[in-house]
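I have placed the structure first, in the form of structure tokens, so that the comments after it can refer back to it.
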Amino acid sequence: MGSESPYFKKSEAFQHPTGDDQEEGKLYYDASTLGMTGPLRISYAREQAETHRYWHDTLNALGVETNAAHIGGSNVGVWTNMGTVDRKSQTRSYSHSAYYLPNAQRGNLVILTDALVQEIVFNKNEIGEWTAHGVRFSHGGADHVVNVAREIILAAGSIQSPQLLELSGIGNMSILKAAGIDVKVDNPNVGEHLQDHLRKSVQADFWSYVVLTISNSACSYLRS
Ligand SMILES: Cc1cc2nc3c(=O)[nH]c(=O)nc-3n(C[C@H](O)[C@H](O)[C@H](O)COP(=O)(O)OP(=O)(O)OC[C@H]3O[C@@H](n4cnc5c(N)ncnc54)[C@H](O)[C@@H]3O)c2cc1C
């Protein structure tokens, strides 16, 4: 598994399927690759569509093997997908329910909406390395800088996280110079390795009131 694996595990609380569900839906996993005590609930759907019963067998018959540890670093093969859903309540588990609500009453938590971060502010430390020490952002028509005592977590998504690094002087020197940005760290990898997540699907009407969708991820469902 990749170097992000410990962080995924830290965030997750995997909820095991029951024995019956497991056999019928072919819900296979390697528990050692999953987190058990984090705030984000992950689980298999409690009910699988009828067509799903044929998914593994059909693909197995075509020579595609079932991957019994699909969350463990390889998603090659046939598998039944998990979701970030609380298995008990059957509701979505996400940043709001997992992180915000349990901490909403804390006096040291402030959530500012309608704020646009423009730059991570860096200072050089005594040994000449750049260290992030603040964030410059606009809010209510004015610019502000907030300084931090410990760390900044940059989580602006796969496109805007590298963009913010570039705006802050970390990125490919030639791109930054062309944009008039002072270069702090020349790193040509910033923003360069985004890969599209390709998906193909095939749909066929196979009887009057049911449509079977088969895609190259383990997704099959009935739509009446
Ligand atoms: C169409 C679509 C379908 C998807 N379907 C699935 C799916 O079914 N299952 C799945 O697991 N994943 C899915 N994904 C991927 C999933 O949405 C992302 O992996 C996930 O949202 C990334 O979370 P994040 O917190 O890193 O970033 P994001 O959810 O992108 O959050 C980044 C936040 O930062 C904010 N931001 C950006 N720049 C700034 C700035 N300068 N100042 C202030 N705020 C800023 C943005 O407004 C945004 O709110 C899908 C993605 C897309 C686009």
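The values are calculated or read from the model by the stated rules, or taken from the named source; none is laboratory data. Remember, predicted model here, so these are calculated numbers, not experimental data. So basically every Cβ, Gly included, is an ideal-geometry build from the backbone, and we count neighbours across all protein chains shown.
With respect to the conditions (1) surrounded by 18 or more Cβ atoms within 10 Å (Cβ to Cβ); (2) in a loop (DSSP other than H, G, I, E, B), residue 55 lacks only one, and its number is (2). As for the range 189-198, it holds no residue that is in a helix (DSSP H, G or I) and within 15 Å of the ligand (Cβ to nearest atom). For the range 140-157, a tally of residues being of a type outside the set (Val, Ile, Thr) and more than 10 Å from the ligand (Cβ to nearest atom) returns 9.
Evaluate the range 8-22: report whether one residue or more is in contact with a His (Cβ under 6 Å, 6 or more places away or on another chain) and of a type in the set (Phe, Trp, Tyr). Even if it seems obvious, please write down each step before you answer.
Let us first name the residues in the range 8-22 that are in contact with a His (Cβ under 6 Å, 6 or more places away or on another chain), namely none.
No - not one qualifying residue is present in the range 8-22.
In the range 107-123, the qualifying residues are those that are closer than 18 Å to residue 150 by Cα, in a strand (DSSP E or B) and of a type outside the set (Val, Ile, Thr), and the one that is farthest from the chain's Cα centre (by Cα) is 123.
Looking at 131, 113, just one residue is closer than 29 Å to residue 8 by Cβ, of a type in the set (Ser, Thr, Tyr) and more than 15 Å from the ligand (Cβ to nearest atom), and that residue is 131.
Within the range 33-52, the set of residues being without any contact (Cβ under 8 Å) to a residue 40 or more places away in the chain and either surrounded by fewer than 17 Cβ atoms within 10 Å (Cβ to Cβ) or not assigned by TED's automatic domain parsing to the domain that holds residue 72 (or both) comprises 36, 37, 47. Every condition in (1) in a loop (DSSP other than H, G, I, E, B); (2) farther than 30 Å from residue 75 by Cβ holds for residue 143 except the one numbered (1). Scanning the range 81-98 for residues being within 15 Å of the ligand (Cβ to nearest atom) and assigned to a loop (DSSP other than H, G, I, E, B) gives a total of 5. Does residue 146 meet the test of being surrounded by 10 or more Cβ atoms within 10 Å (Cβ to Cβ), more than 26 Å from the chain's Cα centre (by Cα) and closer than 30 Å to residue 38 by Cα? Answer is yes for this residue. Taking the criterion of being within 16 Å of the ligand (Cβ to nearest atom) and surrounded by 14 or more Cβ atoms within 10 Å (Cβ to Cβ), the residues of the range 58-80 that qualify are 70, 71, 79, 80. Looking across the range 158-180 at every residue that is assigned to a loop (DSSP other than H, G, I, E, B) and either in contact (Cβ under 8 Å) with a residue 60 or more places away in the chain or within 16 Å of the ligand (Cβ to nearest atom) (or both), the one that is surrounded by the most Cβ atoms within 10 Å (Cβ to Cβ) is identified as 168. Here residue 126 passes the criteria (1) charged (D, E, K, R); (2) more than 29 Å from residue 39 (Cβ to Cβ); (3) more than 12 Å from the ligand (Cβ to nearest atom); (4) under 26 Å from the mean Cα position of the chain (by Cα) except the one numbered (4).
Name the residue, out of 91, 113, that is over 30 Å from residue 198 (Cα atoms) and polar (S, T, N, Q). Outline the logic, then answer.
Values: 91 fails: over 30 Å from residue 198 (Cα atoms).
That would be 113, the only listed residue that is over 30 Å from residue 198 (Cα atoms) and polar (S, T, N, Q).
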